[in-house]
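Working notes, structure below.
The values are calculated or read from the model by the stated rules, or taken from the named source; none is laboratory data. The shown structure was predicted, so the numbers you read here are calculated from the model rather than taken from an experiment. Note that we place each Cβ from the backbone using ideal geometry, even for glycine, and neighbour counts take in every protein chain shown. The accessibility values were calculated without ligands, DNA or RNA, using every heavy atom of the protein model including side chains. Shrake-Rupley method; radii C 1.70, N 1.55, O 1.52, S 1.80 Å.
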Amino acid sequence: PYDAIVALGGGSTIDTAKAANLYSCYPPNNFYDYVNPPLGKGLPVPGPLTPLIAIPTTAGTGSETTGVAIFDDTPTKSKTGIAHRRLKATLGIVDPDNIRSLTPSVAKYSGIDVLCHAMESYTAIPYNRRPSGKPPSPILRPAYQGSNPISDVWSIHALKECTEYLPRVVENLHSDEEARSKMCLAASSAGMGFGNAGVHLCHGMSYA
């Protein structure tokens with residue numbers, strides 16, 4: 001019914017748009033059919049989705065680059081999500097002016113999310129040492145593969161940018177366009193890193 005979906009906001013807004021896109025295109029028999037195990041069945045996305053344009057207003061989650069939609073499940077009081085490559089945005093528009101109005105606190109904690117994404121994906125279990133081994137079919141391959149040479153490139157880049165520009169963006173968010181630009185790029189880079197490799201302890205604690 002729609003030509004495209006536009007998600008304008010932070011990671012939660014973009015992830016909500018991903019889920020809404022999936023559920024409107026392929027309504028499941030049960031809400032939890034697409035949700036990751038053990039809470040749901042983790043069924044694969046049946047086919048193409050409506051084009052999604054993601055426009056982040058924080059330099060944090062990197063959701064404009066990932067194939068996951070994370071949410072808090074109120075009935076079970078748990079944090080879970082939906083993961084599939086078809087959830088990825090068709091286009092991401094990352095503009096440093098969109099984060100100019102953030103408060104220093106939001107800029108700081110969003111930036112720490114970037115830092116955690118980069119660190120965790122870089123230090124994740126390598127792709128060739130996954131305990132579950134290789135899946136029997138490519139369609140069953142999980143969204144998170146473990147650290148690998150490609151995700152390492154993105155993660156290392158994000159780590160370097162955070163080291164230099166996160167303090168600057170917190171101190172001079174409104175006037176330091178270079179710092180805003182670099183942190184926006186770091187968020188997207190870390191998203192491409194962890195969106196392929198995955199995360200571990202820091203994010204795992206939020207699921208506990």
- Message: Can you sort ASP15, ASP97 by solvent-accessible area, 1.4 Å probe, largest first?
- Response: ASP97, ASP15
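Cross-chain or 8 or more residues apart, Cα under 22 Å: how many lysine pairs in region 46-194 fit that? Count them up, please.
Values: LYS79/LYS88; LYS108/LYS160; LYS108/LYS182; LYS160/LYS182.
Taking region 46-194 as the scope, the lysine pair count is 4.
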- Under 5 Å between amide H atoms, partner at least 5 residues away or on a different chain: which partners does SER78 have, H built in plane at 1.01 Å? ASP73
- Rounded to whole Å and sorted largest first, list the principal axis extents of the Cα atoms in the chain. 50, 43, 30
- Item | region 1-82 - charge dipole about Cα centre, Lys and Arg +1 at Cβ, Asp and Glu -1, debye rounded to 20 | 160
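Rounded to the nearest 20 debye, what is the charge dipole size of the chain about its Cα centre when +1 sits on each Lys and Arg Cβ and -1 on each Asp and Glu Cβ?
Numbers: 17 positive and 17 negative charges, 162 e Å.
Rounded to the nearest 20 debye, it is 780 debye.
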- Message: Starting from the 7 Å offset along Cα-to-Cβ, what nm value, one decimal, do you get for the label separation of CYS202 and GLU164?
- Response: 2.0
- Query: Using only helices, what value at 222 nm comes out for the chain when you add -39,500 (n - 2.57) per DSSP H run of length 4 or more and divide by the total residues, to the nearest 500 deg cm²/dmol?
  - Reply: -13500 deg cm²/dmol
- Task: Rank these by accessible area, largest first, 1.4 Å probe: VAL6, VAL45.
- Result: VAL6, VAL45
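Within region 116-186, what whole-number % of the accessible surface is contributed by carbon and sulfur, with the 1.4 Å probe and all protein chains included in the calculation?
Details: 2560 of 4260 Å².
Answer for region 116-186 is 60 percent, counting heavy atoms of protein chains only.
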- Given 123-131, 60-68, the highest-first ranking by average Cβ count within 10 Å works out to 60-68, 123-131
- Message: Modelling each spin label as a point 7 Å along the Cα-to-Cβ direction, I'd like the THR103/LEU39 distance in nm, to one decimal.
- Response: 2.7
- HN-Hα J couplings of region 63-71 from phi, Karplus 6.51/-1.76/1.60, θ = phi - 60°, integer Hz, Gly and Pro as x? 4, 5, 10, 9, x, 10, 10, 9, 8
- Sort region 32-88 into rounded, prolate or oblate with this rule: let a ≥ b ≥ c be the square roots of the eigenvalues of the Cα gyration tensor; rounded if a/c is under 1.5, and if a/c is not under 1.5, prolate when a/b is larger than b/c, oblate otherwise. oblate
- Query: What ranking, highest mean first, results for peptides 133-146, 75-88 when packing means the other Cβ atoms within 10 Å averaged over each residue?
  - Reply: 75-88, 133-146
- Query: So what's the net charge close to PHE194: Lys and Arg +1, Asp and Glu -1, counting the other residues with Cβ under 12 Å from its Cβ?
  - Reply: -3
